[in-house]
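The values are calculated or read from the model by the stated rules, or taken from the named source; none is laboratory data. From a predicted model like this one, the values you see are computed outputs, not experimental measurements. Virtual Cβ from ideal backbone geometry, glycine too; neighbours counted across all protein chains shown.
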Amino acid sequence: MAEPARTAAERRDSIGKTLLIYLGVLSLIGAVLLFAAARSYGRAAADRSYDHLLIASALSIADSVALVDGQWQVDLPYAALDLLAMAPEDRVYYRVASREGATITGYSDLPAPPSPPLDGKPRLFDAMYLGERTRFVAVSRWVAGPFAQGQAIVQVGQTRIAREALADDVVLRALVAIIAASLAALALVWVGVHRALRPVQKLERDLSLREPSDLRPVTGAVPLELDQLVGALNRFMARLSASNETLRAFMGDAAHQMRTPLAALRAQAQLALDEDDPAEQRRSLVMIERNASHMSRLLNQLLSDASAIHRSHLQQFETVDLAELLHQAIFESIPQSGPRPDLRLAATNHPVLVRGDALLLREAIKNLIDNALKHGQPHSVDRKHVDQGEGGPLQIALTVSDGEAVPTAVLTVADHGPGIAAADAQTVFERFARGRDAADGGAGLGLAIVKRIVDSHGGRIDLSNRVGGGLVVTLRLPRALS
């Protein structure tokens, strides 16, 4: 099982590596584009330089053309061709022809320009000649003699060897500059990535040096991109700190609450062992059983409280039917054998949907019903008659309210007990706190558990005294959209 975990770890992406790859690819694309631009510029620059010489040679030859007695004469200025001889590896070709296409002098098989030159403007073009790519220029010149006039077309060509060499030199120099700039850019990118990740490394170092119990918020300036990460981390540590504090308080309270019943059990067991009278032994055993039952109820409530704390922090909510949960809670809370208490239920026939944890909501309703059954009878009613419902029925109602800002499910549990004193209206929601008129045997956790569950669901719990005596507990939970 360890091998797949190691393989998955090896495949984890690195932020620095990812940034370097993407920025490196971007730099490479930029270098390629710059190289293409430099190559195009180098060829254009070479063409411009040699085209000036080519045009000057063609114009110089055109100036030497004359028309004498109707015959063309060319006094070829060899200095014009000497300009092109500055590129010793190149070959030069020329041709002087009449407008009709008759060759006056030069190479008669030179390729014709794509279109004839007009108005004395040079016409530049490339063409293959004798198996080599050659650059040509064609110019036209009107020549007038004493008795006639005509148009001569001068064409001069030069192979591209020198041009290509000049272009390659320009490109090579540009390539060296591009490579140097790319390497400098990559080095700058690497330094930038390293500096950008330094706050993350500092955060990791600070957290690794902390004690496990140190859950203080992370302080200090961080880049804007890390604000959300640090905020989420601080919120997580705040929740963890609150959970730890709750756990410590729970363990302390549990130890404190369990210590007294256990001490009483040990003392009563010791008395039973030391007692020879069977009647006294039986009395001690009855007390042991009573304390054991009390401790069992206390332990169940503590476990229920711990479960409520844990599941409330998880917030794994889903859409549930509160009406169905109410029927389940009633079934689990009402004794199925023996005398059944008088219970009157008024609930809507339609589903009442809420977002929440079904187990927690059912536990909250069960605690309310259990509290009402145990403490919701008048003190004048004998305890042995409580389970028979004497003193008034337990009334439970489930309705919906659309008159509030948020559609709400309203659950009320009303009993006929002594009610609650105004001074106890808030303190009864604290753990291990009991009202002044509460009956004996409770642990003081029921309403605290209900309060915690309702708060975690975004609801509200209210207590009020009913006319004629009794306590009314009202739960309000936001309804879910169907």
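Results, tabulated for the structure shown:
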| read-out | value |
| --- | --- |
| Qualifying positions in segment 117-164 - small (G, A, S), out of contact with any strand residue (DSSP E or B) (no Cβ under 8 Å at 6 or more places or on another chain) and in contact (Cβ under 8 Å) with a residue 60 or more places away in the chain | A162 |
| Test: residue in segment 252-265 that is assigned to a helix (DSSP H, G or I), farther than 30 Å from D370 by Cβ and either in contact with a helix residue (DSSP H, G or I) (Cβ under 9 Å, 6 or more places away or on another chain) or among the charged types (D, E, K, R) (or both) | no |
| Selection status of V200, of a type in the set (V, I, T), assigned to a helix (DSSP H, G or I) and within 30 Å of E245 (Cα to Cα) | yes |
| Residues of segment 121-156 satisfying the condition of being of a type in the set (G, A, S) and in contact with a Leu (Cβ under 9 Å, 6 or more places away or on another chain) | A127, A138, S140, A144, G145, A148, G150, A152 |
| Flag if A79 is surrounded by 12 or more Cβ atoms within 10 Å (Cβ to Cβ) and among the aliphatic types (A, V, I, L, M) | no |
| Top-ranked residue in segment 403-429 [being farther than 19 Å from R466 by Cα and at pLDDT 75 or above; ranked as surrounded by the most Cβ atoms within 10 Å (Cβ to Cβ)] | A409 |
| Verdict on L33 being assigned to a helix (DSSP H, G or I), in the same structural domain as R163 (by TED's automatic domain parsing) and in contact with a Leu (Cβ under 6 Å, 6 or more places away or on another chain) | no |
| Qualifying positions in segment 430-450 - modelled with pLDDT of 80 or more and surrounded by fewer than 21 Cβ atoms within 10 Å (Cβ to Cβ) | A448 |
| Condition met for T399 (farther than 23 Å from L359 by Cβ and either part of a strand (DSSP E or B) or modelled with pLDDT under 85 (or both)) | yes |
| Verdict on H379 being at pLDDT below 80, assigned to a helix (DSSP H, G or I) and surrounded by fewer than 18 Cβ atoms within 10 Å (Cβ to Cβ) | no |
| Any chance L188 is within 29 Å of the chain's Cα centre (by Cα), farther than 30 Å from P113 by Cα and at pLDDT below 85 | no |
| Strands (runs of 3 or more DSSP E) wholly inside segment 93-175 containing at least 1 residues that are outside the structural domain of A58 (by TED's automatic domain parsing) | none |
| Only listed residue being out of contact with any strand residue (DSSP E or B) (no Cβ under 7 Å at 6 or more places or on another chain) and at pLDDT 85 or above, chosen from A62, A66, A87, A46 | A46 |
| Test: residue in segment 222-234 that is farther than 28 Å from L445 by Cβ, at pLDDT 80 or above and either outside any helix (DSSP H, G or I) or among the aromatic types (F, W, Y) (or both) | no |
| Check on L285, at pLDDT below 75 and either in contact with a Ser or Thr (Cβ under 8 Å, 6 or more places away or on another chain) or assigned to a helix (DSSP H, G or I) (or both) | no |
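Rundown of residues vs (1) closer than 25 Å to I21 by Cα; (2) free of Cβ contacts under 8 Å to residues at least 60 places away in the same chain; (3) under 21 Å from the mean Cα position of the chain (by Cα), yes/no style:
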| residue | (1), (2), (3) |
| --- | --- |
| L197 | yes, no, yes |
| L203 | yes, yes, yes |
| S208 | no, yes, no |
| E211 | no, yes, no |
| V218 | no, yes, yes |
